[in-house]
Amino acid sequence: MNTLTASYGFCEGVTREHGRTYYLAARLLPEPRRRAVHALYAFARVVDDIVDEPSGPYERGTVLADVERAAVTALDNATVTVEFPSTVPAALTRILPAFADAVKTFDIPRAYFDAFFESMRMDAPDTAKFRPVYNTMDELAEYMYGSAVVIGLQMLPILGVSVPQQEAVVPASNLGEAFQLTNFIRDVGEDLDRGRLYLPASEFSAFGVDIEMLEHGRRTGTVDVRVKRALAHFIAVTRGRYRSAESGIPMLDRRVQPSIRTAFVLYGAILDQVEGADYRILHRRVSVPGRTRLRVAAPGLVRSATYAARNRMG
């Protein structure tokens, strides 16, 4: 097995384990597109893990800088056999050949990766860009552009669209923000443990909520009525993003529309779970029940498989 084939195989394993939505969306794509989805997901996942967890004896900012240089080297190098610094995690060295090949094959703009690393620096405590708290929606939007929006934009040329690609940019951007805002709402308590508050402090303060009140709820499992109102506000904002994103689903390749629609519905259902828990989420993570996931996902999988089978026979 050559280096590139092994790299793509490793990326598929990472995506299967950690990125069920991406893995599902990619299953019925032609092999080159499917492999590229795996490569870009695996790359983003491993880099994100670097900034979330300490990296042994190295500062996270140092590792992140070395990883960014390694990514640039991989993209610039004509071969897939490149030596990287010891600070670069072993998993990433296995991912980079496939990552570089996918970026080149689908002509994905490098500027997307520049923005991605800028947002990762905002998450790394030992960098000058680190932001433990976001005060306004404008500040958060800057972060989400690099951490969520560009991920969707990278995927557009891979998943395929039936319209001029520029028409799909705004809905794809809104969907990326909707998914990430959903994560921020669900994980607000866990993020407090990491010393982070993504949901803007000024939006919380408009409801009389400060970090101390949120931390108290995290410790005690209680939820102040003001926190409930603030979370209801954030849910309303997020649902607005979903509404703005929905028009983009029919623009995608028909083979992936059912899978993306399934992700759209299931991620939105997390917000329903927050409301169903009466916003008591600071001390625990809510999730969509498995039976609900199956009920939502099954029809989409059948439609995707039927469409793919017809294409093969035609």
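The values are calculated or read from the model by the stated rules, or taken from the named source; none is laboratory data. Keep in mind that what you see is a predicted model, and the values were worked out from it rather than measured. Don't worry about glycine lacking a Cβ; one is built from the backbone with ideal geometry, like all the others, and counts go over all protein chains shown. Remember, those area values only see protein heavy atoms, side chains included, never the ligands or the DNA or RNA. Shrake-Rupley method; radii C 1.70, N 1.55, O 1.52, S 1.80 Å.
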*asked:* Classify region 30-148 from the C-alpha gyration tensor, please: rounded if a/c falls under 1.5, else prolate or oblate depending on whether a/b exceeds b/c.
replied: oblate
*Applying the Karplus parametrisation 6.51 cos²θ - 1.76 cosθ + 1.60 with θ = phi - 60° to the phi angles of region 2-16, what ³J(HN,Hα) value in whole Hz is obtained for each residue in order, glycine and proline being reported as x?*
7, 4, 5, 4, 5, 4, 5, x, 5, 4, 4, x, 4, 5, 4
*At a 1.4 Å probe, what is the % contribution of carbon and sulfur to the accessible area of the chain?*
51
*Suppose every K and R has +1 on its Cβ and every D and E has -1 on its Cβ; what is the size of the dipole of region 166-291 about the Cα centre, in Debye to the nearest 20?*
380
*Which order do the peptides 259-271, 152-164 take when ranked by the mean count of other beta-carbon atoms within 10 Å per residue, highest first?*
259-271, 152-164
*Could you pull out every residue, at least 5 positions away or on a different chain, whose amide H is within less than 5 Å of the one on Val161? Hs are placed 1.01 Å off N in the peptide plane, and Pro or chain starts have none.*
Asp253
*With a 10 Å radius around each residue's Cβ, average the other Cβ atoms per peptide and rank 165-175, 38-48, highest first.*
38-48, 165-175
*asked:* Spelling out what I want: for every residue of region 269-281, take phi, set θ = phi - 60°, compute 6.51 cos²θ - 1.76 cosθ + 1.60 (Karplus), and round to whole Hz; glycine and proline get x.
replied: 5, 4, 5, 4, 5, 4, 5, x, 7, 6, 6, 7, 10
*State the answer as a single residue: which of Ala232, Val161, Pro89 lies farthest towards the positive end of the charge dipole of the chain, with beta carbon charges of +1 for Lys and Arg and -1 for Asp and Glu, about the Cα centre.*
Val161
*Using the heavy atoms of the protein chains and a 1.4 angstrom probe, tell me the accessible area per residue for the chain in square angstrom.*
46
*Amide H partners (placed H, <5 Å) of Val133, local residues excluded*: Leu197
*Dipole magnitude of the chain about its Cα centre, charges +1 at Lys/Arg Cβ and -1 at Asp/Glu Cβ only, in debye to the nearest 20?*
1620
